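As structure tokens, the structure follows; a few thoughts come after it.
The values are calculated or read from the model by the stated rules, or taken from the named source; none is laboratory data. No experiment lies behind these values; they were computed from the predicted model shown. Don't worry about glycine lacking a Cβ; one is built from the backbone with ideal geometry, like all the others, and counts go over all protein chains shown. The protein model used for the area step is the full one, side chains on, heavy atoms only, and it has no ligands, DNA or RNA in it. Shrake-Rupley method; radii C 1.70, N 1.55, O 1.52, S 1.80 Å.
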Amino acid sequence: MPKLLIYADGALEREIDLTQERLRIGRKSHNDVRLSHAGVSGEHALVITVRDESFIEDLNSTNGVRVNGRLVKKCVLKDGDSIAIGDYVLKYVAQRTPRTGDTAAGFASSESDTLLSFGEFLEGTSLTQTRAMGAAPAAETSGARADDDIAGSSPSRAALQILTGPSAGKELDLSKSLTTLGKPGQQVAVITRRASDYFFTHVDGAEAPRLNGIAVGGQSLLLKNRDIIELAGIRLEFFLKP
């Protein structure tokens, strides 16, 4: 289970286990984590966690969110990352649960630190898929939890097909509850599965990916059959299986 260690003036103030899907951080009392400092906005940041994968989003705060000294809007978190919010420093500790069966030809385990473009993945490098404990990043619409994934991956109901480049025509089954794809520092997105629905979320990179030609905003979007995704220079088609 991942956690956040919260430091104030260099001293450890508290530890927060990331057991909930959405953890809101800010100065106001209604936040899940209240940081009472003038440099912290009322609602400053949001941490979204799916099993042991987390990312942080700046909620249009006044002073921003810095991860390892870099100002970010959205960022995938890695073990040991240092997050600066106001005068507070939050350290992200992954504490990933070891599991078997996640590594196969062409796949890296969830512990992989490198996410590469979809095209590079299909040429023999890596892209991450993760089993989840039934949770997925929240979307604007409600939905059932992916309880059928708790014991492991279940049969794929959807897939992605590459439309451009030398790997055009190849496919990736979306058999797990979380699939992360893209290039760190350029564009990173996740596709999460909740029961029979799939959601697309932009999590890192200054330039937003596109869905059916429209730039994706900060919310998770429900994917529909034959939707076209443009990410890290690759065009992909999402499709549902019969």
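Descriptive notes on the structure:
- Residue that is modelled with pLDDT under 80 and at positive phi, where the choices are Gly152, Gly217, Gly233, Gly213: Gly152
- Matching residues in the range 63-90 - criterion: being at negative phi and in a loop (DSSP other than H, G, I, E, B): Asn63, Lys73, Leu77, Lys78, Asp79, Asp81, Asp87
- Filtered residues of the range 210-236 (kept if open to solvent by less than 30 Å² (accessible area, probe 1.4 Å), farther than 20 Å from Ala158 by Cα and free of Cβ contacts under 8 Å to residues at least 40 places away in the same chain): Val216
- For the range 6-48, taking the residues that are part of a loop (DSSP other than H, G, I, E, B) and of a type in the set (Ser, Thr, Tyr), the one that is least open to solvent (accessible area, probe 1.4 Å) is identified as Ser41.
Results for (1) modelled with pLDDT of 90 or more; (2) of a type in the set (Ser, Thr, Tyr); (3) surrounded by fewer than 18 Cβ atoms within 10 Å (Cβ to Cβ); (4) outside any loop (DSSP other than H, G, I, E, B), shown as yes or no for each residue.
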residue	(1), (2), (3), (4)
Phe55	no, no, no, yes
Ser61	yes, yes, no, no
Tyr92	yes, yes, no, yes
Gln95	no, no, yes, no
Arg99	no, no, yes, no
Thr103	no, yes, yes, no
Gly106	no, no, yes, no
Asp113	no, no, yes, no
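- Of all residues in the range 189-209 being in a loop (DSSP other than H, G, I, E, B) and of a type in the set (A, V, I, L, M), the one that is nearest to Ala159 (Cα to Cα): Ala195
- Test: Leu163 is aliphatic (A, V, I, L, M), farther than 22 Å from Ile56 by Cα and more than 18 Å from the chain's Cα centre (by Cα): yes
- Pro242 falls short on exactly one of the conditions (1) in a strand (DSSP E or B); (2) of a type outside the set (Lys, Arg); (3) exposed (fewer than 15 other Cβ atoms within 10 Å of the Cβ), and that condition is (1).
- Of all residues in the range 78-97, those that are under 20 Å from Val188 (Cβ atoms) have Cβ atoms under 7 Å from Cβ atoms of residues that are open to solvent by less than 40 Å² (accessible area, probe 1.4 Å) and charged (D, E, K, R), 6 or more apart or on another chain, in Tyr92/Asp81; Ala94/Asp52; Arg96/Asp52.
- Test for Ala189: is it under 25 Å from Val67 (Cβ atoms) and hydrophobic (A, V, I, L, M, F, W, C): yes
- Flag: Leu122 does not match the condition of being of a type in the set (A, V, I, L, M, F, W, C), surrounded by 14 or more Cβ atoms within 10 Å (Cβ to Cβ) and modelled with pLDDT of 80 or more.
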